[in-house]
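Structure, as structure tokens:
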């Protein structure tokens with residue numbers, strides 16, 4: 001998804017827990033892109049990060065809360081209290097931390113959209129993923145309540161991204177996860193959809209269409225292509241926060257031109 005957003009001409013300011021992966025992103029995507037290492041489950045770390053973002057880029061117009069971890073496959077009574085807490089801390093508390101630190105600035109500018117990533121397991125259940133289900137059902141409730149609190153001009157929506165071949169899915173599905181859409185393919189479908197969201201979508205429970213089907217054999221070798229943007233952009237400012245596995249990204253579209 002990072003590559004797709006950059007391909008569309010956005011400057012990205014992001015964060016993630018994995019310092020090695022953050023360093024890789026910094027080498028791959030230099031200025032004006034920026035990536036920082038932090039844990040969104042820590043409100044203090046998110047506070048410091050948001051202050052830095054505001055200082056350099058101002059308030060976001062679009063926030064994507066996609067941070068997520070999942071428990072190991074096991075019945076609820078075999079999940080330790082520590083593991084249960086970690087799932088809730090990242091998936092729910094982390095989302096609330098970001099909203100707490102970024103939303104006030106969006107309220108002052110009287111515009112913006114918050115997309116909280118849910119799951120099929122936020123609208124249904126299966127055995128051995130009870131902590132994850134609890135966290136994503138929590139995201140659905142949090143989002144609905146937040147939507148009722150927002151003034152005109154802003155929106156909060158929940159998004160079921162569909163079934164994607166990620167490390168998280170492989171921890172549950174094993175090799176069967178490989179038959180589902182890859183992240184880069186998903187990004188090409190999802191990013192345009194996400195960028196169109198606006199105040200009229202407030203309170204909606206959304207899903208990216210056409211991404212849950214198993215891949216055909218012909219798509220086995222699919223990869224996303226990225227090219228360098230050569231046009232100038234003057235559209236409204238955009239800030240998107242994403243997380244893929246352990247990585248969190250904030251993306252911001254500005255008036256830019258690339259040679």
Subject >> Filter pass, residue 106 being over 18 Å from residue 137 (Cα atoms), part of a helix (DSSP H, G or I) and in contact with a strand residue (DSSP E or B) (Cβ under 7 Å, 6 or more places away or on another chain) >> reply: yes
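Which residue, of 203, 210, 218, is within 20 Å of the chain's Cα centre (by Cα), more than 20 Å from residue 70 (Cβ to Cβ) and at pLDDT below 70? Walk me through it before giving the result.
Working: 203 fails: at pLDDT below 70; 218 fails: within 20 Å of the chain's Cα centre (by Cα).
Only one candidate passes the filter, namely 210.
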Original post:
Just one of the numbered conditions (1) within 19 Å of residue 157 (Cβ to Cβ); (2) out of contact with any strand residue (DSSP E or B) (no Cβ under 9 Å at 6 or more places or on another chain) is not true of residue 67; which one?
Top reply: (2)
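Taking the stated definitions as given, is residue 139 assigned to a helix (DSSP H, G or I), surrounded by fewer than 22 Cβ atoms within 10 Å (Cβ to Cβ) and modelled with pLDDT of 95 or more? Break it down stepwise before answering.
Working: assigned to a helix (DSSP H, G or I): yes; surrounded by fewer than 22 Cβ atoms within 10 Å (Cβ to Cβ): no; modelled with pLDDT of 95 or more: yes.
No; evaluated as a whole, the condition is false for this residue.
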Subject >> Yes/no for residue 75 being at negative phi, surrounded by fewer than 18 Cβ atoms within 10 Å (Cβ to Cβ), modelled with pLDDT of 95 or more and in contact with a helix residue (DSSP H, G or I) (Cβ under 9 Å, 6 or more places away or on another chain) >> reply: yes
Original post:
Among helices (runs of 4 or more DSSP H) lying entirely in segment 1-70, which contain 1 or more residues that are at pLDDT 85 or above?
Top reply: 19-28, 43-57
Subject >> Odd one out for residue 112, checked against (1) at positive phi; (2) surrounded by fewer than 20 Cβ atoms within 10 Å (Cβ to Cβ) >> reply: (2)
Original post:
From the list 151, 192, which residue is under 16 Å from residue 112 (Cα atoms) and either in contact with a strand residue (DSSP E or B) (Cβ under 6 Å, 6 or more places away or on another chain) or at pLDDT 70 or above (or both)?
Top reply: 151
Subject >> Close pairs (7 angstrom Cβ cut-off, 6 or more residues apart or separate chains): touching a residue at least 60 places away in the same chain (Cβ under 8 Å) in segment 102-119, crowded, with 16+ Cβ neighbours inside 10 Å and part of a helix (DSSP H, G or I) anywhere >> reply: 102/50; 115/194; 118/136; 118/139; 118/140
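The values are calculated or read from the model by the stated rules, or taken from the named source; none is laboratory data. Since the model is a prediction, treat every value here as computed from it, not as a measurement. Don't worry about glycine lacking a Cβ; one is built from the backbone with ideal geometry, like all the others, and counts go over all protein chains shown.
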